[in-house]
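The numbers here are math on the coordinates, done by the rules we state, and not lab data. As the structure is a prediction and not an experimental result, all values here were calculated from the model. Ideal geometry is used to build each Cβ from the backbone, glycine not excepted, and the neighbour counts take in all protein chains shown.
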Amino acid sequence: MLILGLDPSLSSTGWGVIRAEGARLTHIANGQVRTDPAAPMPQRLATLAEGVAAVIAEYRPTRAAAEEVFANKNAQSTLKLAQARGAVLAACGSAGLAVNEHAARLVKKAVTGTGGAEKQQVAAMVKVLLPGVAVAGSDAADALAVAIADAHLAKPF
């Protein structure tokens, strides 16, 4: 089964594709879809949707997984994250791809053993769990962590 992990963000949405065969996980690919901060919001959201759609078309995952939205102290940041997340999930929906959603603390716990892990700890464990992986950046590492957590936590569709 191929799982697409997603870490939505307006500036840089991370993605990672893994193969899960029982307890064995294999890295397939990872990357980031970046948007131009000077571009209008509709264009940025279209860039995210098109970028994720291209990843889905290339790798043909069985399912996808994304972190659940969380509330920031800054309402404007939460709104922008929700819009980016909507564009990413819409790309999955357009491709007929089901999406599991996981809380960030649950993803961290599944990958590192603790729900309060720092980004660096998550990235380090991704490299341990997917030996030889060259991670395209912190957003891609987070996306791979989401995919790994989904492989362990989710019930098949």
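Numerical summary
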{"quantity": "Cut-off under 5 Å, modelled amide H: who pairs with SER9 long-range", "calculated": "GLY14"}
{"quantity": "Helix-derived mean residue ellipticity, 222 nm - over the chain, DSSP H n ≥ 4, -39500 (n - 2.57), to 500", "calculated": "-15500 deg cm²/dmol"}
{"quantity": "Extension reserve of the VAL128-SER94 stretch, reckoned as 0.36 nm per residue once the Cα distance is removed", "calculated": "8.9 nm"}
{"quantity": "Positive-pole candidate from GLY113, ALA147, MET1, dipole of the chain, charges at beta carbon", "calculated": "GLY113"}
{"quantity": "Rounded, prolate or oblate (a/c below 1.5 giving rounded, otherwise prolate when a/b exceeds b/c) for the range 1-99 by Cα gyration tensor", "calculated": "prolate"}
{"quantity": "Cβ crowding within 10 Å averaged over residues, with 55-64, 83-92 ranked highest first", "calculated": "83-92, 55-64"}
{"quantity": "0 to 90° range, to nearest 10: angle between helix 41-59 axis and the chain longest Cα axis", "calculated": "30"}
{"quantity": "With Cα atoms, 0 to 90° folded angle of helix 138-153 axis to the chain main axis", "calculated": "50"}
